[in-house]
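No lab work stands behind these numbers, since they all come straight from the coordinates. Not measured: the values here are computed from a predicted model. Note that we place each Cβ from the backbone using ideal geometry, even for glycine, and neighbour counts take in every protein chain shown.
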Amino acid sequence: MRIAMISEHASPLGAGDQHAHVAELSEALVELGHDVRVYTRRDDPDLAEVVLTPSGVRVVHVAAGPAQPVPSGLLLPHMGEFARVLSEQWRESDWAPDVAHAHFWTSGLAAVTAARQFGIPVVQSFHELGAAENEAKTQGPSRSGYERALGRAVDRVVAQTQDEVRGLVRIGVPRARLSIVPAGVNSDRFSPDGPAVPRDPQRPRILSVGKLVERKGFGDVIQAMRYVPGAEMVVVGGPSPEQLPADPGAKVLRDLAEQFKVADRFRLVGSVPHHDMPNWYRSADLLVATPWEERSALEAMACGVPVIGTAEGALTETVVDGLTGDLVPARDPRALGGALRRLVNDKVRRFTYATAALDRARQAYSWKRVAAQVGSIYSAVTGLRRSGSNTTGVNTEAMV
C-alpha cells in the first residue's frame, strides 16, 4: 500500500518525541511491506527535496512558508500552500497515495484539502488536542473548531488512549469514527541492555523527562523530594544545556528547589538527543511522570525502569498500578513523596515492577504491533472508498 504521512512540523529526520513517533511508525510500516512517504515542511533552504532514510522511508520537504523554523502555533496560514503542493505532486508524478495519514491538526487540514480532489481516504492523529494543551492564548479560540470539523471530515481518527477518545467526543467527533491504537516504543533502542549515564551509586536517582513548563508537574516532584532524603532528582528536557541558565522555566524550578531545601539534590540536564535517552533511563532507579500524558513512561518501562505517575489520562492505561509501577493522585506532593519513599526503600519491589514493566512494554507496545493495527485501519478506509461509501459527509471547502 502507498501511504502518505503528512507531518508539517515533525519531520522523521528531526529530534524529539513527535518526530520520533512519525519516524518509528513509518519505519515499521515499511518493514511490513508498505511504501511510505512523509511530507513535512521545509524549514531549511539547504534541505534536499527528497531524502531516502536507511530504513526505506522517503521524506519529502514541502515548500510552504519561509524556509526556516516556524513555531507550530503559527503554521496555520501556510497550510493552504502545503495542500496545493501536495495536490500538484500527486497529480503530476507517478506516485499517488492509497491513503493519507495526517499527524497533528494543521497537517490534517492540508491533507483533507489535497486528498479530497483524488478521492484519497484520510486518517487523522491529533496526538494532543487544543483543549488539553490549553493553548488558546497562542493559537486562537478557533483551534477546537478546526479540530471538530477535521474530526468529522476525515475517514477515521486514531486516538492513542481512552482519555483522548473522551476528549474527541467532547468536542463533537462521532464515536463511531474513532479507533484506538496506542503509541509504540522501540524496544531494540530502549532496553535494559547498554550503557548508562554515570551516577553516584549511593544516591538513588529519580528521573523526570519533559519540557520545563508548569503542566509537566516538575514542581510537584520537587516538593515531594522533601519526603525522600538522600535521593536526587534529575530532569531531562527543555532548552539546550547552554541556554538553561537564562531559561525562565529552569529558573522557576531552581527557585522551587531552593524554597523546599532540596537544591543540593536537584539537577537540570537540558535537552538530550532522543537516541541518547536510553542511557538516562538506565541510570535511574525510577521514573516520575506527573503529567497526565507522557511518552517517557513507556520508554522507561522498555528500559526496565518502574514508573510512578499520576492517576490521570494516558498513564492510567500505560502504567498498571501495583504491577509495573504506582499511580498517585494528581497534584498531591505528599502522596507522591510517600510513593517515592516506599519504592526507593524497597529494592525487591523495584525489581518486580521493573520486570513487569519491561514485559508489558515489549508485548503491548512494540512498533510492529502498532503498525499492524494502523495498517488494518488503512485497509478498512480504503475498502470503504472503493465500495463507494463516503464516510466524511462534511464540506471542507473553507477549512484552509
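Return a single number: how many Lys pairs in region 205-364, at a sequence separation of 8 or more or on separate chains, have alpha-carbon atoms below 26 angstrom apart. Provide the component values of the computation, followed by the final result.
Numbers: Lys211/Lys251; Lys211/Lys261; Lys216/Lys251; Lys216/Lys261; Lys251/Lys261.
For region 205-364, the number of qualifying lysine pairs is 5.
So which residue, out of Asp332, Asp46, Asp17, gets the largest mean-square fluctuation from a GNM of the chain using Cα contacts under 10 Å as springs?
Asp46
Roughly how many nanometres apart are two label points built 7 Å out from the Cα toward the Cβ at Ser142 and Arg386?
In this crude spin-label approximation the distance works out to 3.8 nm.
If R₀ is 51 angstrom, what is the calculated FRET efficiency for the pair Val213 and Glu31, using the beta carbon separation as r and rounding to 0.05?
0.90
Rounded to the nearest 5, what % of the DSSP beta bridges within the chain are antiparallel ones?
5
Roughly how many whole Å is it from the C-alpha centroid of region 302-325 to that of region 326-343?
13
Measuring from a point 7 Å past the Cα of Leu74 along Cα-to-C-beta, which residues in region 1-45 have an amide N at less than 17 Å?
Residues 9-10, 41-45 qualify, since their backbone N sits under 17 Å from the label point.
Please work out the Kirkwood hydrodynamic radius for region 1-154, using every pair of different C-alpha atoms, and report it in angstroms with one decimal place.
Result for region 1-154 stands at 15.5 Å.
Rounded to two decimals, what ratio of Rg to Rh does region 1-61 give with C-alpha atoms and a Kirkwood Rh?
Rg divided by Rh gives 0.94.
Give me the distance in nm between label points sitting 7 Å out from Cα along the Cα-to-Cβ direction at Glu81 and Ser93, one decimal.
It is 1.9 nm.
How many nm is it between the label spots at Leu47 and Gln162, if each spot is 7 Å from the Cα in line with the beta carbon?
It is 3.8 nm.
Quick query: amide H of Val38 versus all other amide H atoms, modeled in the peptide plane; which residues come in under 5 Å with a sequence gap of 5 or more or a different chain?
Correct list: Met5, Arg58, Val59, Val60.
Based on the alpha carbon coordinates of region 205-364, what radius of gyration and maximum Cα-Cα distance (Dmax) apply, in Å?
Rg then Dmax for region 205-364, in Å: 14.4, 43.
Once every DSSP H run of n ≥ 4 in the chain is given -39500 (n - 2.57) and the sum is divided by its residues, what mean residue ellipticity at 222 nm do you get, rounded to the nearest 500 deg cm²/dmol? Provide the component values of the computation, followed by the final result.
Numbers: 15 runs with 155 residues, N = 400.
My calculation for the chain gives -11500 deg cm²/dmol from helical runs alone.
Compute and list, largest first, the equivalent-ellipsoid semi-axes of the chain from the alpha carbon gyration tensor, each √(5λ) rounded to a whole angstrom.
Listed largest to smallest, the semi-axes of the chain are 38, 22, 20 Å.
How high is the relative contact order of region 205-364, in percent, counting Cα pairs under 8 Å that sit 6 or more residues apart?
It rounds to 25 percent for region 205-364.
Skipping prolines and chain starts, which residues have an amide H placed within reach, meaning under 5 Å, of the one on His9, given they are 5 or more residues away or on another chain?
Correct list: Arg41.
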